[in-house]
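Structure provided below as structure tokens; questions to follow.
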């Protein structure tokens, strides 16, 4: 289950590095990342956790070999 951009430590490091590289504020970078995503927000860890738990429960046994993209609509298809 490849995740998109979630509010987590790694995204904070990415935002800090981008802000430094592009000479912009972290808030400006965060806003830019949100605007790039069709959902208009960064995912929350709980959203990923919910989807992962759902995939691992006893009632999802028929689902095999799939990529479930949790990306807020950033990708329209899997190939």
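Taking interchain pairs and intrachain pairs at least six residues apart, which have beta carbon atoms under 7 angstrom, with the first residue in region 59-79 and at negative phi and loosely packed, with under 13 Cβ neighbours inside 10 Å and the second at pLDDT below 75 and in a loop (DSSP other than H, G, I, E, B)?
67/2; 67/78
Scan region 17-38 for residues that are outside any helix (DSSP H, G or I) and surrounded by 13 or more Cβ atoms within 10 Å (Cβ to Cβ) and jot them down. Before the answer, list the steps.
Our first condition is that a residue be outside any helix (DSSP H, G or I); within region 17-38, this holds for 23-25, 37-38.
Passing the criteria: 24, 37.
Could you tell me which residue of region 1-16 is modelled with the lowest pLDDT, considering only residues that are surrounded by 14 or more Cβ atoms within 10 Å (Cβ to Cβ) and assigned to a helix (DSSP H, G or I)?
Looking at the filtered set, the residue picked out is 11.
Which condition number in (1) touching a helix residue (DSSP H, G or I) at 6+ places or on another chain (Cβ under 8 Å); (2) modelled with pLDDT under 80 is the one that residue 42 fails?
Every condition holds for residue 42 apart from (2).
For (1) over 18 Å from residue 69 (Cβ atoms); (2) under 14 Å from the mean Cα position of the chain (by Cα), each residue gets a yes or a no:
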{"site": "11", "(1), (2)": "no, yes"}
{"site": "16", "(1), (2)": "yes, no"}
{"site": "19", "(1), (2)": "yes, no"}
{"site": "23", "(1), (2)": "yes, no"}
{"site": "27", "(1), (2)": "yes, no"}
{"site": "32", "(1), (2)": "yes, no"}
{"site": "35", "(1), (2)": "yes, yes"}
{"site": "39", "(1), (2)": "no, yes"}
{"site": "45", "(1), (2)": "no, yes"}
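The values are calculated or read from the model by the stated rules, or taken from the named source; none is laboratory data. No experiment lies behind these values; they were computed from the predicted model shown. Ideal geometry is used to build each Cβ from the backbone, glycine not excepted, and the neighbour counts take in all protein chains shown.
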